[in-house]
Amino acid sequence: MRAVRIHQYGGIETLKLEQIDTPVINADDILIKVKASSINPVDWKIREGYLKDFIPYKLPVTLGWDVAGTVAAVGDSVTDFNVGDEVFSRPEISRNGTYADFVAVKADEVALKSAKLDFGQAAALPLAGITAWQCLVDVGQIKAGQRVLVHAGAGGVGHLAIQIAKAKGAIVIATASAKNQELLTQFGADQAVDYNQGTLLEQIEPVDLVVDTLGGEVQSQSWALLKPGGMLVSIVDQPSEDLAKEHDVKGAFVFIQPSSRILRELNTLVEKDQLMPFIEHRFPLDKIAEAHLQSQSGRTRGKIVIDVS
Ligand SMILES: NC(=O)c1ccc[n+]([C@@H]2O[C@H](COP(=O)([O-])OP(=O)(O)OC[C@H]3O[C@@H](n4cnc5c(N)ncnc54)[C@H](OP(=O)(O)O)[C@@H]3O)[C@@H](O)[C@H]2O)c1
C-alpha cells in the first residue's frame with residue numbers, strides 16, 4: 001500500500017511517499033481502507049521533531065491522525081463493526097497514522113460516520129472536533145446561557161468549537177483577523193472580534209469560559225476577560241495556577257484523547273444540522289508537503305483535507 005512516512009525529523013523534504021506492507025491488525029483492531037485524512041498542526045510539529053520527547057516514535061512512522069473510510073477487516077474480538085461499514089476516527093497518536101491506503105485502529109477509537117458527512121467532511125472532524133468537545137463539554141462543563149470566548153475561531157479547532165458551543169446554548173464570542181470576521185458569523189458566533197482592532201479587553205465583555213487555541217500572549221490577555229469563577233481551557237500552553245488564583249478563576253490544559261463516545265456526540269450534532277466542518281483546501285496524497293506548508297502558514301480557515309482514494 002502507499003503511505004507517507006518520515007525516516008527522520010525535519011522539513012517537508014522528509015515526507016516520503018512509499019510502498020509498504022498493509023498493517024497487520026490486533027484482535028481489538030479494525031483495518032480501515034482510507035478514503036480521506038486531514039491535516040492538523042500536530043502533524044508538522046511531529047515531523048519537525050518538536051514533540052519527540054513527548055511521543056518517542058520508532059522511525060519510520062506514517063503521519064496523519066484523522067481518518068474516514070470503510071472497514072476492510074475486523075480483529076477477532078471486534079463485534080461492533082462489519083466489513084464495508086463507513087467509519088471515522090482520530091486514532092491513537094503513538095501508532096502509525098492515516099496518510100496511507102490502510103490504517104489499523106482500535107475499534108473503541110472508531111465510530112460509524114453520519115450519512116450527512118462525505119468522506120472528506122468526516123475526515124475533517126475527529127481530531128479538531130474531539131478537542132473542541134473535550135475543552136467545552138468534558139472539561140469546561142459548558143452551560144446554556146454562558147458566555148464563551150473561542151480564540152482563532154476561523155481555525156480547525158475554533159470553527160468547530162463555535163458550532164458546538166452554540167449547539168449547547170452558549171453566547172459565543174470568537175476572534176480572527178479582519179478578513180475572517182464574516183466567516184466567524186457564518187460559523188454561528190454572536191460577536192466576531194478582530195484581534196488587530198484594539199485590545200481584547202476593550203472589545204470583549206466578561207466571559208465564563210475561554211477556549212485558548214493560541215497560548216502565549218493571547219493566553220496572558222485572556223485571564224482578565226474571565227468572570228470570577230470562570231475557566232480558561234488551553235490546548236497549547238499549560239495555564240499558570242498562580243495567575244488562575246490571582247484572577248479567581250480555573251485553568252486547565254487539554255491534550256486530546258481518542259474517543260468513539262465523542263465521535264458519536266459529534267455525529268448527533270451533524271444529524272441536527274448544528275455542526276459541519278468547513279474545508280478550505282483539499283490535496284491528494286502525493287501533495288502532502290504542500291498541505292503541510294499551508295497548515296504551517298497559520299492562516300488556514302477551517303480544515304485541510306487529504307483525498308487518499
Ligand atoms: N492539545 C491538543 O489536544 C490540541 C488539539 C488540536 C490542536 N492543538 C493545537 O491548537 C492550535 C490550533 O490548532 P488548529 O488546528 O485550530 O490550527 P489552525 O487551523 O492552523 O489555525 C489557523 C487559524 O488561526 C487563526 N489565528 C492565528 N493567529 C490568531 C490570533 N492571534 N488570534 C485569533 N486567531 C488567530 C487564523 O485566523 P486569522 O488568519 O484570521 O488570524 C487561522 O484561521 C495548534 O497549535 C495545534 O497544534 C492542540
Problem set entry | Residues satisfying the stated conditions in the range 221-233, i.e. within 19 Å of residue 194 (Cβ to Cβ) and either away from the ligand (no atom under 11 Å from the Cβ) or touching a residue at least 60 places away in the same chain (Cβ under 8 Å) (or both) | 222, 224, 225
For this session: Output the number of residues of the range 21-50 satisfying the condition of being within 22 Å of residue 1 (Cβ to Cβ), more than 12 Å from the ligand (Cβ to nearest atom) and not β-branched (Val, Ile, Thr).
Result: 12
For this session: Can you work out which of the residues in the range 209-218 that are outside any loop (DSSP other than H, G, I, E, B) and within 11 Å of the ligand (Cβ to nearest atom) is surrounded by the fewest Cβ atoms within 10 Å (Cβ to Cβ)?
Result: 217
Problem set entry | helices (runs of 4 or more DSSP H) wholly inside the range 234-309 that include at least 1 residues being surrounded by fewer than 21 Cβ atoms within 10 Å (Cβ to Cβ), in the same structural domain as residue 16 (by TED's automatic domain parsing) and under 18 Å from the mean Cα position of the chain (by Cα) | 288-296
Exercise. Residues 180, 96, 82: which one is within 24 Å of residue 297 (Cα to Cα) and either among the aromatic types (Phe, Trp, Tyr) or out of contact with any helix residue (DSSP H, G or I) (no Cβ under 9 Å at 6 or more places or on another chain) (or both)?
Worked result: 180
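Conditions (1) without any contact (Cβ under 8 Å) to a residue 12 or more places away in the chain; (2) closer than 23 Å to residue 129 by Cβ; (3) of a type in the set (Val, Ile, Thr), marked per residue:
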| site | (1), (2), (3) |
| --- | --- |
| 27 | no, no, no |
| 41 | no, yes, no |
| 57 | no, no, no |
| 66 | no, yes, no |
| 83 | no, no, yes |
| 86 | no, yes, no |
| 90 | no, yes, no |
| 106 | no, yes, no |
| 112 | no, yes, no |
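The values are calculated or read from the model by the stated rules, or taken from the named source; none is laboratory data. As the structure is a computational prediction, the values presented were derived from the model and not from experiment. No Cβ is skipped: glycine too gets one built from the backbone with ideal geometry, and neighbour counts run over all protein chains shown.
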